[in-house]
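Trainee: Here it is, the structure in full.
The values are calculated or read from the model by the stated rules, or taken from the named source; none is laboratory data. Computed from a predicted structure; not experimentally measured. Glycine gets a Cβ as well: all are built from the backbone with ideal geometry, and neighbour counts include every protein chain shown.
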Amino acid sequence: MPKLKPSPAITGITAYSVPRPEIPVDLYLHGNEGPAPTDTVLDALGERGVDLLRDYPNAKPLEELIAEREGVDREQVIVTAGADDALDRICRALLAPGRNMVLPEPTFVMFRRFAARAGGEVVSVPWEGPEYPTEAVLDAIDDQTTLVAIVSPNNPTGAVATADDVRRIAEAAPHALVIVDHAYVEFGEENLTQVALEYPNTVVTRTMSKAWGMAGVRVGYALSSPQVIDWMHTAGLPYAVSGPSLAFVARRLEEGDARVASFVERVKEERGALEARLSEAGLRVTPSQGNFVFARTDDALWVRDALAGMGIMVRAFPGNELLDDALRITCPGDEANFERLQHAIDTI
Ligand code: PMP
């Protein structure tokens, strides 16, 4: 029998999954998730529940709601299965063998996976300091560059780009699409959407998974020129987001941003306190504008295991050529869990 062979596009890339260790972990500060949704969201299906389950989903009403919130036309919005799906569609739409994406790293690991699956190359640029490496990115862009990534705030470091960075790159590379990944924008100082959308060659990606606390519904969206949005529709599955997910998110958005704002305030306080504590303990902390703190330390794996032993899961990054050993700890945004985390850190 001939053996099955996977496509070269997926070999050499490890599948990502949240580790569920043997020791009973009950506080996950590993995935940068947000607060639990309101009870009213759980009622969102209501009498429409049966229809929402039976019919093919219609994402248009949610796209209209988002367009109104963001002050853009509906043709400039696509709702996707998480920001992951938006990024994947962008890669499928713009990359191909012989084309490349300029990617400041370390950053969100899925960029590499999506680029590889689309058959494109990654031109990696080191992003070591707190500032986005604009000069190095401009130097790296060539005629084959069709995507440039600006992940701001960046995951895992929490560093950010500025409006000037977006302008310079969008202007210097009219032949490339500039991705502004705003998964953590609610926790940062600057929203770059308006500046980005002044240019036809930018796309802004957003998610309901973080500040909005709905990682389980798998909803994100992208804002761009109608042409790019059209390509993104073509590049993905039809009906990618389920009817119930669309309904949950529409309900949550209709409820407004007040809860997000108070959660973000709480996270910022925790972030400051945690950064101070970890620096006092001798870890090399860089200021984060995400809902997480990022600290370099040779003991990262040991600290992760020690916290796991107390039921708390955080993310450790074993050192490689891009990054020293490091820890990324999600701020829980909740008093009791934050106290528990602080207590655990003090114990080790
Ligand atoms: N972008 C960044 C920078 C992220 O960290 C994540 C999730 N970890 C995503 C996009 C994807 O988010 P989701 O698919 O949950 O919307």
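Trainee: Scan the range 232-256 residue by residue and report those that are closer than 13 Å to Leu53 by Cα and small (Gly, Ala, Ser).
Mentor: Once the filter is applied, which keeps residues that are closer than 13 Å to Leu53 by Cα and small (Gly, Ala, Ser), the range 232-256 yields Ser242, Gly243, Ser245, Ala247.
Trainee: Failed condition for Glu189, given (1) over 26 Å from Asn58 (Cα atoms); (2) within 15 Å of the ligand (Cβ to nearest atom), with all others met?
Mentor: Checking Glu189 against (1) over 26 Å from Asn58 (Cα atoms); (2) within 15 Å of the ligand (Cβ to nearest atom), the one that fails is (2).
Trainee: Under 7 Å by Cβ, and 6 or more places apart or on different chains, what pairs join a residue from the range 96-124 that is among the basic types (Lys, Arg) with one that is away from the ligand (no atom under 14 Å from the Cβ)?
Mentor: Cβ pairs passing all conditions: Arg99/Gly120; Arg99/Gln144; Arg99/Thr146; Arg112/Val122; Arg113/Ile13; Arg117/Ala9; Arg117/Ile10.
Trainee: Determine whether Leu223 is under 17 Å from Lys60 (Cα atoms), within 15 Å of the ligand (Cβ to nearest atom) and surrounded by 22 or more Cβ atoms within 10 Å (Cβ to Cβ).
Mentor: In short, yes.
Trainee: Looking for something assigned to a helix (DSSP H, G or I), among the hydroxyl-bearing types (Ser, Thr, Tyr) and out of contact with any strand residue (DSSP E or B) (no Cβ under 6 Å at 6 or more places or on another chain) - is there at least one such residue anywhere in the range 250-267?
Mentor: There is at least one residue in the range 250-267 that is assigned to a helix (DSSP H, G or I), among the hydroxyl-bearing types (Ser, Thr, Tyr) and out of contact with any strand residue (DSSP E or B) (no Cβ under 6 Å at 6 or more places or on another chain).
Trainee: Sticking with this one: With respect to Ile179, determine if the residue is more than 12 Å from the ligand (Cβ to nearest atom) and buried (at least 19 other Cβ atoms within 10 Å of the Cβ).
Mentor: no
Trainee: For the range 318-348, what are the residues that are over 16 Å from Arg277 (Cα atoms) and under 20 Å from the mean Cα position of the chain (by Cα)?
Mentor: Across the range 318-348, the qualifying residues are Leu322, Leu323, Gly333.
Trainee: So Leu138 fits all but one of (1) buried (at least 20 other Cβ atoms within 10 Å of the Cβ); (2) in contact (Cβ under 8 Å) with a residue 24 or more places away in the chain; what number is the exception?
Mentor: (1)
Trainee: Taking the condition of being more than 16 Å from the ligand (Cβ to nearest atom) and either surrounded by fewer than 22 Cβ atoms within 10 Å (Cβ to Cβ) or closer than 13 Å to Val148 by Cα (or both), how many residues in the range 105-123 meet it?
Mentor: Looking only at that region, the number is 5.
Trainee: In the range 236-258, how many residues are within 16 Å of the ligand (Cβ to nearest atom) and either surrounded by 14 or more Cβ atoms within 10 Å (Cβ to Cβ) or farther than 14 Å from Thr80 by Cβ (or both)?
Mentor: 10
Trainee: If Leu177 meets every condition in (1) under 18 Å from Ala196 (Cβ atoms); (2) modelled with pLDDT under 95 apart from one, which number is that one?
Mentor: Answer for Leu177: the failing condition is (2).
Trainee: Looking only at helices (runs of 4 or more DSSP H) that lie completely in the range 47-161, which have at least 2 residues being farther than 15 Å from Ala222 by Cβ and modelled with pLDDT of 95 or more?
Mentor: In the range 47-161, the matching helices (runs of 4 or more DSSP H) lie at 60-70, 110-117, 134-140.
Per-residue answers, yes or no, for (1) touching a residue at least 12 places away in the same chain (Cβ under 8 Å); (2) under 15 Å from Val79 (Cα atoms); (3) away from the ligand (no atom under 16 Å from the Cβ):
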{"residue": "Ala196", "(1), (2), (3)": "yes, no, no"}
{"residue": "Pro200", "(1), (2), (3)": "yes, no, yes"}
{"residue": "Ser209", "(1), (2), (3)": "yes, yes, no"}
{"residue": "Ala215", "(1), (2), (3)": "yes, yes, no"}
{"residue": "Val219", "(1), (2), (3)": "yes, yes, no"}
{"residue": "Met232", "(1), (2), (3)": "yes, yes, no"}
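Trainee: Here is a follow-up. If I ask for residues that are among the aliphatic types (A, V, I, L, M) and touching a residue at least 60 places away in the same chain (Cβ under 8 Å), which ones from the range 270-288 would you list?
Mentor: Listed by number, the residues that qualify are Ala273, Leu274, Leu278, Ala281.
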